[in-house]
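The values are calculated or read from the model by the stated rules, or taken from the named source; none is laboratory data. Owing to the predicted nature of the structure, the values given are computational and were not obtained by experimental measurement. No Cβ is skipped: glycine too gets one built from the backbone with ideal geometry, and neighbour counts run over all protein chains shown.
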Amino acid sequence: MKKVDHIGIAVSNLNDVIPYYTDTLGCPLLKIEEVASQKVRVAFIDAGNIKLELLEPMDSSSAIHKFIEKKGEGIHHIAFGVENIEQRMEELKKDGVQLLNDQPQKGAGGALVAFMHPKSSNGVLYELCQKQ
Ligand code: CMX
C-alpha cells in the first residue's frame, strides 16, 4: 500500500462533534454526505495530509451503530487509497486475507471500496478505496 486516504471515526451524532474538529482543532469541513449503501452519514474533515471521515449511523442496522454499542465512539477503520481495487483484492485474497466483499462497493464520493476483516488484519478494520 502506498498511502492512507482517510481514517474513519465512529460518532453518534455528526452535528454534535463537527464543531470540535472545525473550531477547536481548526480543521476545515470538506463535505457532508449520506452513503445509503453503508447506512452512514459522513463528514469529511481536512486534517492536512490526511482526511478524517466522521461516520454517523443512519439507523440501528448500520455497522457503525453496532460498533458504537460495543466499543463506544472512536477510531473505526483506516482506508488505503489504491489505483486498481479489483487487482489489489485479488492479491490480498491470494495472500490469505479475508475480504468482507466479493466485489467493490460504492462508498462516499462514489469511490469504490472494500473491507478486510479485522480478524485477518490483526484487529484493524482496513478499507481499500479507489477514487473515481
Ligand atoms: N475494528 C476492529 N475490530 C472490529 C471492528 C472495527 N471497526 N468492528 C468489529 N470488530 C471486531 C469486534 O470487536 C469483534 O471481535 P471479537 O469477536 O473479538 O469481539 C469482531 O470484529 C466481530 O464484530 P461484531 O461486533 O460481531 O460485528 P460483525 O461481525 O457483525 O461486523 C464487521 C464487523 C467488521 C464485519 C462489519 O462492521 C463490517 O462489515 N464492516 C465493513 C463495512 C463498514 O464498516 N461500513 C461502515 C463504514 C463505511 C464507510 O466508510 O463509508
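Details
- Residue in the stretch 49-61 that is small (Gly, Ala, Ser) and more than 25 Å from Gly123 (Cα to Cα) present: no
- Number of residues in the stretch 75-115 that are near the ligand (Cβ under 7 Å from one of its atoms) and more than 17 Å from the chain's Cα centre (by Cα): the value is 0.
- Options Val35, Val17: the member that is under 13 Å from the mean Cα position of the chain (by Cα) and either within 12 Å of the ligand (Cβ to nearest atom) or surrounded by 11 or more Cβ atoms within 10 Å (Cβ to Cβ) (or both): Val35
- Positions within the stretch 59-73 being surrounded by fewer than 16 Cβ atoms within 10 Å (Cβ to Cβ) and more than 9 Å from the ligand (Cβ to nearest atom), in sequence order: Asp59, Ser60, Ser61, Gly72
- Any hit, the stretch 41-53, residues being among the acidic types (Asp, Glu), at pLDDT 95 or above and touching a strand residue (DSSP E or B) at 6+ places or on another chain (Cβ under 6 Å): yes
- Selection status of Pro118, modelled with pLDDT of 95 or more, near the ligand (Cβ under 7 Å from one of its atoms) and surrounded by 14 or more Cβ atoms within 10 Å (Cβ to Cβ): yes
- Selection status of Glu53, closer than 16 Å to Cys129 by Cβ, within 14 Å of the ligand (Cβ to nearest atom), of a type in the set (Asp, Glu) and within 14 Å of the chain's Cα centre (by Cα): yes
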